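Please treat every number below as a calculation from the coordinates, not as lab data. This one's a predicted model, so the numbers in the text were calculated from it and none came from an experiment. No Cβ is skipped: glycine too gets one built from the backbone with ideal geometry, and neighbour counts run over all protein chains shown.
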Amino acid sequence: MTTAAAQDRAWRLTAIGQPVVIIALAIGVLWWAFSRDLTKTQKATVNATYVSKLIGQHLEITAMVTLIVLAIAIPLGVLLTRERFRWLAPVFIGIANIGQAAPAIGLLVLFFLVTASIGFWIGVLPLAFYSLLPVLRNTMLGLREVDPTIIDAARGQGMSSGRILWKIELPLAVPFILAGLRTSLVLAVGTATLAFLVNAGGLGILIDTGYKLRDNVTLILGSVLAVCLALTVDWLGALAERYLGPKGLR
């Protein structure tokens, strides 16, 4: 079997097999949890309305973190690859590295202590900082990997720097950006389970409740659903990498 054929087969297995595993896990854990003989305390958390609410909160946190990361990392990555600002690249990469290296729970606690506040944004902003590096680094890498001869040819045809950026550089950098975004999304979903610490909601509430009450049903339900969300985001990221890049590079 050729390398291309093997890669295509592996892709089909991921594209079809991963959602099947996700659906099986989600349905299985929900059926297992809801069909048990629950206590009154367990019924307060293990019910369709409350679980749906927490999933919605988790997705809302993840979506907002993603929007913030994209709004900051891509323009900043473009700026730092321009000749006038390249000297600033190590500074911003170093700052983003701090966010990535620091434990997510530490960032949440520090932000809480600095702001003396709790709530949705107190959970979102530190997690966005934590998830920033992959998109920033990959945006810069993708732009730097564009063949200089292509840019020179575009300039020779009279294209402005802005037009070259929008029509040539960014489209060619899309595969790198999407790969970084996929990593950031998975990080965002995973770390969003800690948002409950600052009263931002999410599936971490189920995990924390189950742990504190030694309630394995609630603990397992929250953990498995969080894993399912992470796997779903990873699968969607894989689809984006496969189908949203320039046709000639697929």
Problem set entry | On Cα atoms only, tilt of 120-130 relative to the major axis of the chain in degrees | 50
Exercise. Pairs of lysine in the chain with Cα under 24 Å and at least 8 positions apart or on different chains: total?
Worked result: 6
Problem set entry | Helical mean residue ellipticity (222 nm; -39500 (n - 2.57) per DSSP H run of 4+; nearest 500) of the chain | -25000 deg cm²/dmol
Problem set entry | Dipole of the chain [Lys/Arg +1, Asp/Glu -1 at C-beta], most positive-end residue of 171, 184, 78 | 171
Problem set entry | Cα gyration tensor of segment 3-249 - equivalent ellipsoid semi-axes, whole Å, descending | 40, 24, 12
Problem set entry | For segment 46-123 versus segment 131-209, the gap between their alpha-carbon centres in whole angstrom | 13
